[in-house]
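Take a look at the structure set out below.
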Amino acid sequence: MAGDTDRLVRAEDRQPTGSGPLDERERRQLDVIRRFGTVGSLLLTVGSLGAGAAPVFNPVFRIPVLGLFSRMTTVALAFAFTGVFMIVLAWLALGRLSRPGRARAVSVPQMARTLIMWIAPLVFTVPSFSRDVYSYLAQSEIVAMGQDPYTVGPAQALGVNHPLTQGVPTMWRDTPSPYGPLFLTVGKAINWLTGDHVVAGVAMHRLVALGGLMMIVWALPRLARRFGVSPVSALWLGAANPLVLFHLVVGVHNEALAIGLMLVGFELALRGTPRVTPDGPFPPWQPGELYWYAIGAAVITLGAAVKIPAALALGFLGVIIARRMGGRWKHLFQVAGGLGVVFAVVLTATSLGSGLGYGWVATLNTASTIKSWMAPMNALGFGAGWLGIVLGLGNHIEAAITVSRLLGAVIGPLIAAKLLLDGFRWKLRPLTGLGVALGAVLVFGATVQPWYLLWAAVPLAAGAGNTRFRVAATAVSTGLAVALGPTGSTFDGRVFVLPYAYIGAIVVTTVAVLVVRGHIPRRDPAPA
């Protein structure tokens, strides 16, 4: 929240500047965009049969016709990349029809229907872009067997020949689970239903991811209205984003559930908040206000029990409540104490109720065992280490990475603390601060994956979707979406297939664009 004009209000009390409905020509453009993206989803689904992160014992391999794709990797990759390119281009075109300030723009129901059309084919894809879902299955099986997933890895607990262990990447077979007790409890229920049937287990985890995406779709437009952002723009950037489709739906990552619970909790907590300006007046507590704060904080804590970064939302929720009370330091400490009690009670109940206890706290940095160059602090350490080798100072890469990681572990939380302070001083919207803080903590962390960007992008879509951030997020999302292969692994020993797959995909996509070029939205009409 910035300035006297920004207020904490209920969703129904504040609407951003509205736009009129699309005219007939723009509706035809929207229809073409929808179909273009849907065709892309279908191509990605077909391509995933041979280019996705398929299980070790791929059931598609022996199916007539469909099994051909698993034998023709280059062709399958070309299909998959064509689908990726078409989805990204359809998303960019849709962005022109949902840009804030347009005289006529896509409505929320139209955006939701478009999202459904694009997601429907992706529900049937082979997991792609990552193999994490197989780790989910193996670690959940450890829980179902009554063992502790926070002390043993799949290879030790299940054996290397177990069907669920074989799908786990080698680097993760001996590592304990880094996921919270709520997620593993959900996974245990899935394993009870599906046993060691990998395909059925993946399908159930995808349903969980879709449930998390539904939470995001429900919360985003409501939070956007509350903070003066176009709800359509928020849905476009935060839910229809290709990274959401590729990594939450196709990749089946549990970020969908964690981010969904975090946003729903934030929205529920603000349901009873009265209108408050920076200088007051500060009304007494309203009926049910404390109840909604507690409910919202509890739901956010459940998100943290899936993946711990969601807990940061409690800090920015506390800033809002403290400002509503009067904005003094004593109010901030009072709110921090109250939210801390809710967090401790809910997290303890979840940890002990799951039977897993607090062992997950010791495994939060499990992913840091892999020193990936994608993490900026790792890249800094690699660069410093290699420079030392060039200068003849010896190989100190490990020490350089350790130092750079320690530096990142300090910088990220410091940025988050500064953003919390700025939110408390009414210098920025708390939801904007939350998105930037999550991005800072994760980017300066020991490990970074492309889907980690969603922790920042989704909240910012509702808190800063009308600003230049929209342009920057669009560029970053587009770049990451088209740069990553769907196999969920490296192309060591078979890099030669990539140029052919990319060239084929580019040619087909270019032809498709030429076919629909007359229906691509051009320059925006005059602003509303």
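The values are calculated or read from the model by the stated rules, or taken from the named source; none is laboratory data. The model shown is predicted, which means the values in this text are computed figures rather than measured ones. As a convention, Cβ positions derive from the backbone with ideal geometry for all residues, glycine included, and neighbour counts pool all protein chains shown. To get the accessible areas, we keep the full protein, side chains included, count just its heavy atoms, and leave off ligands, DNA and RNA. Shrake-Rupley method; radii C 1.70, N 1.55, O 1.52, S 1.80 Å.
Data table
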read-out	value
Solvent-accessible area per residue for segment 410-478 (1.4 angstrom probe, square angstrom)	36
³J(HN,Hα) computed for each position of segment 329-338 - Karplus, 6.51 cos²θ - 1.76 cosθ + 1.60, integer Hz, glycine/proline x	4, 5, 5, 5, 5, 5, 5, 4, x, x
Apportionment of accessible area to carbon and sulfur, segment 237-326, percent (1.4 Å)	68
Amide H contacts under 5 Å for Arg104, placed H, 5+ residues apart	Gly20
Electrostatic dipole magnitude of the chain [Cβ: Lys, Arg +1; Asp, Glu -1; Cα centre; debye, to 20]	1400
Cα gyration tensor shape of segment 310-444, rounded if a/c is under 1.5, else prolate or oblate by comparing a/b with b/c	oblate
Efficiency of FRET from Cβ geometry, Arg328 and Asp196, R₀ 41 Å, rounded to 0.05	0.10
Cα centroid separation - segment 306-320 against segment 108-129, whole Å	29
Ranked by how many other beta carbons lie within 10 Å on average, peptides 28-41, 344-357, 193-206 from highest	28-41, 193-206, 344-357
Dipole of segment 50-194 [Lys/Arg +1, Asp/Glu -1 at C-beta], most positive-end residue of Ile63, Leu89, Ala155	Leu89
The chain: Lys pairs at Cα distance under 27 angstrom, eight or more positions apart or on different chains	6
Fraction of accessible area attributable to carbon and sulfur, segment 361-484 (%, probe 1.4 Å)	74
Debye, to nearest 20: dipole size of segment 106-199, +1 on Lys, Arg Cβ, -1 on Asp, Glu Cβ	280
Most positive-pole-ward Cα, Met117, Val106, Thr73, against dipole of segment 71-143 from beta carbon charges	Val106
Residue-normalised accessible area of segment 44-171, expressed per residue, 1.4 Å probe, Å²	38
For segment 264-348, accessible area per residue (1.4 Å probe, heavy atoms of protein chains only), Å²	40
Cα-Cα P(r), the chain, percent of pairs per 20 Å interval	21, 54, 24, 1
For segment 173-199 and segment 232-268, distance of Cα centres in Å	21
